[in-house]
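The values are calculated or read from the model by the stated rules, or taken from the named source; none is laboratory data. Worth saying up front: this structure is predicted, and the values here are computed from it rather than measured. Counting neighbours? That spans all protein chains shown, and the Cβs are built from the backbone with ideal geometry, glycine included. What goes into the accessible areas is simple: the full protein's heavy atoms, side chains included, and nothing from ligands, DNA or RNA. Shrake-Rupley method; radii C 1.70, N 1.55, O 1.52, S 1.80 Å.
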Amino acid sequence: MNLSTSNFSKFLIKLIFIVSVISFILTKIFEQNIILKTQTSGAYKINKIINEDLENEIPIFGTSRAKSNYSSSIINKNCFNYGVDGISSKIWIFFLEEELKKNKQKPIIINFDLNGFRNYLGSNSNYIFNYPSIKNLTNQHSFNNNLPLLKYYGYYEYYLTEYLKYKFPLNKIIDKGGVYSNSIFSDSDFNFNIIRRSKLSEFFKIDSNQVKKLFSLINATNRKIYFVISPYHKSVLNNYSNLKDAFQFLRLLEKCENVKVLNYSEVELKNEMFFNTSHLNYNGSQLFSKLLLDSLKLIDSENFN
Amino acid sequence: MYFNSISFLFFFFIVFIMYWSISRLKNITYSNLFLLVSSYIFYSFWDWRFLGLIILSSISDYIIGIKIFQSKKNNHKKLLLRLSLILNIGLLFTFKYFNFFINSFIDVFSISDGVSLNIILPVGISFYTFQTLSYTIDIYKGKLKPSKNIISFLTFVSFFPQLVAGPIERASNLLPQFNSLRSFNFKNTLHGISLITYGLFKKIVIADKLAIYVNSVFLNVDSYNSFSLIIASVFFSFQIYCDFSGYSLIARGLSKLLGFELMVNFSQPYLATSFRDFWRKWHISLSTWFRDYLFIPLGGSNRTFGRIIYNIFIVFIISGLWHGANWTFICWGFFHGFFLVLERLIIKYYYKTIEFIPNFLKTYLVFIIVNCLWIFFRSKNIDESLLYFNKIFEFNFSFNLNMICAHKGPFNLILSISFIILLLLSYKLPKDLKFKKSNNYLLFNIITILIILFLGTNGENEFIYFQF
């Protein structure tokens, strides 16, 4: 090895070593102080469901509709909203699976979407790739996910934005994992939303693997599970081609002893209660959560009072 | 396989190690042969079917080059040169412009049924065609002797760091480097790494970030007000600069790591104080190519003023067309020509007046015009660019945060502006990133790599100039 190549090797080793050490430190700082401090982010919720075991906590699982429609504080002081943006049933079934590993007796609330069982995972920024179960769930076995800085490459901005939104919510209200918009759209804007949405064809879909897994989880526990269909704007329901199949499935689900289905899909709420046709705004979520609490009090006064 | 992908990093790492191991044998042919195979493998990742096109173009120019040199008669030389021009420009025309000219013909003459071929544009064809063209022209002019080694020549044409988007190297600069032994040089390598990291910073951190805002606005020009449209046009000016100059820096850096020296392609073009200055700083390899092989043969500046104006317009319209088969590029080229002519007129008649204008004002004015002309370059068609200008000149500056942020959030806008400031601050670095001490190289690379990892935009986004 001549002088040049030996110098170059030394340079390269120094460069890789220093970058790795700084990366490792920065990643840890960022993970602990930003990602895991943003209660509203998917990554925080994933980390929480895997690591925290709070005996009295009543979890609410689901997609962005769960995140925006359920006001945890109204339903129960021990409720936490685990709703995550952009995900599908595949992920809330994972949340349920993790929850049922815990030695708890508190009920579980699941927001059930009428599009049924889907497989989309949403953005990678919803996850924290520190656990093998998450790598399996998202099928992200890339080597990059083990390297400091590279494992969050391209998502730092997202995490930081989420953190800032959580810390300084401008037009949103934050409540134990839930995020609620307090803006009310004008009639014309809302109508535009309805027209845009009406172009989409909606349908209920069954995924036999997910259904099988869901039933096996339900049957393996004696914890009460409430499947709640939170309100949709009526224009959305009109787009569904096979709603009957969805309700037939829910009836099947209700045959399980520890399951109760609460259907609010057809509750007619005014336009000003919606953020868009499938998500409620802050006022809508308050109203719906009160309605839900009234029902829960009747069914399960021990846990909801 | 993009330069900004992990797969390229692995590819280059293997090539780098093997190349310098082979170079120890001190045999130029082995080293060149290895680079040739690597270049063809690299190109095959894009589309192996077009490999034949590069080989065809290279071999024919290699043979024609030798024949021109050996030929004693001028007529014969001229005939061979024409053959090379027809072959190279013919390939370029067929693959890049055939559909454009046919469709324009159909539009002009309102013919209902036209012949339109489903042709894929081979990556890098505009770049390597111009490179081989300059080779035969230089031999014809007696400025260059033909390459005696076919491996060297094939490697010169297909050298992977600059194959897909330049710089368009002159045979007189690059070809001799393939005919001499390369030895590993520590300082050059450090310089090469720094050029690569700085290029990646420009591409991944700045260009790809600005693209988020720009794409959002250009996708729906009609729904934005003057405020957003002006921001998007300024962002696009910086996006295209960082994208292309980033690529050129990476190409130079990779070449340096392999012991080659490529020409500097950009020299802080937005600090230009005139249009002439801008074209001395922007895509230097292309502008000097047009100067040497088109403008000067047309008569250059040593003609009547009218003829000079004609020459300028010819060069810039063809330069626009070189970028793409679309009227938007032709307009872009035409207006650059127009402003160059205007500038010459102003200098000719009002030299004493403009002498007193401070340089920063000149820079500002040139930037504003260049920025406006990029709107043609970025638009899908002329109608879209006209709509863009119309919407800007509505002077609707109503405040709507969502619209000002192009529906991408205020944080994205703040970061985009911050990155442009960061770019301008990076101009304070030593010229061409030539640091005096190796520790400075180390510090620069650590900071740049960390910035890329922390602030880089996700996804392997294509370089804009790859489409040309």
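One table, with the values for the structure above:
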quantity: Ranked order, B:Met263, B:Met18 - accessible area, probe 1.4 Å, largest first; calculated: B:Met18, B:Met263
quantity: Fraction of the pair-distance distribution of the range A:226-282 above 15 Å, Cα-Cα pairs, percent; calculated: 54 percent
quantity: Å² of accessible area per residue within the range A:34-299, as computed with a 1.4 Å probe and no ligands counted; calculated: 44 Å²
quantity: Vicinal HN-Hα couplings computed from phi for the range B:68-73 (Karplus, 6.51 cos²θ - 1.76 cosθ + 1.60; Hz; Gly/Pro x); calculated: 4, 5, 6, 5, 8, 8
quantity: Within the accessible area of the range A:45-137 (1.4 Å probe), percent carbon and sulfur; calculated: 44 percent
quantity: Accessible surface, the range B:1-159, averaged per residue in Å² (probe 1.4 Å); calculated: 52 Å²
quantity: Neighbourhood charge, 11 Å Cβ-Cβ cut-off, centred on B:Ala171 and excluding it, Lys, Arg +1 and Asp, Glu -1; calculated: 0
quantity: The range B:387-452 - accessible surface per residue (Å², probe 1.4 Å); calculated: 59 Å²
quantity: Alpha carbon centroid spacing (whole Å) that separates the range A:250-305 from the range A:30-55; calculated: 26 Å
quantity: Surface share of carbon and sulfur [accessible, 1.4 angstrom probe, percent] for the range B:20-112; calculated: 68 percent
quantity: Per-residue average of Cβ from other chains inside 10 Å of A:157-164; calculated: 3
quantity: Projected-area mean, the protein assembly as shown, by convex hull of Cα positions, square nanometres; calculated: 40.3 nm²
quantity: Stokes-Einstein diffusion coefficient of the range A:164-205, Kirkwood radius over Cα pairs, 20 °C, 1.002 mPa s, in µm²/s; calculated: 166 µm²/s
quantity: Cross-link partners of B:Lys348 among lysines (Cα-Cα below 19 Å; sequence separation of 8 or more within a chain); calculated: B:Lys362
quantity: Residue-averaged 222 nm ellipticity for the protein assembly as shown, from DSSP H runs of 4+ at -39500 (n - 2.57), nearest 500; calculated: -19000 deg cm²/dmol
quantity: For the range B:324-468, alpha-carbon Rg relative to the globular expectation (2.2 N^0.38 Å, N residues); calculated: 1.39
quantity: Accessible surface buried upon B-A contact (total; probe 1.4 Å; Å², nearest 100); calculated: 2300 Å²
quantity: Chain B - convex hull of the alpha-carbon atoms, volume per residue in Å³; calculated: 172 Å³
quantity: Quotient of Cα Rg and 2.2 N^0.38 Å for the range A:34-299, N being how many residues it contains; calculated: 0.98
quantity: Proximal lysines relative to B:Lys96, as straight alpha-carbon distance under 17 Å, when same-chain residues fewer than 8 apart are discounted; calculated: B:Lys380
quantity: Residue pairs, from the table B:Lys78/B:Lys145; A:Lys167/A:Lys297; A:Lys224/A:Lys290; A:Lys48/A:Lys167, whose Cα atoms sit over 22 Å apart; calculated: A:Lys167/A:Lys297
quantity: Normalised contact order of chain B, rounded percent, pairs of Cα under 8 Å and 6 or more residues apart; calculated: 19 percent
quantity: Cα centroid separation, the range B:219-252 to the range A:78-154 (Å); calculated: 36 Å
quantity: Against the rule of thumb 2.2 N^0.38 Å, how large the Cα Rg of the range B:17-132 comes out; calculated: 1.43
quantity: Peptide A:16-29 - average C-beta neighbours from other chains (10 Å radius); calculated: 2
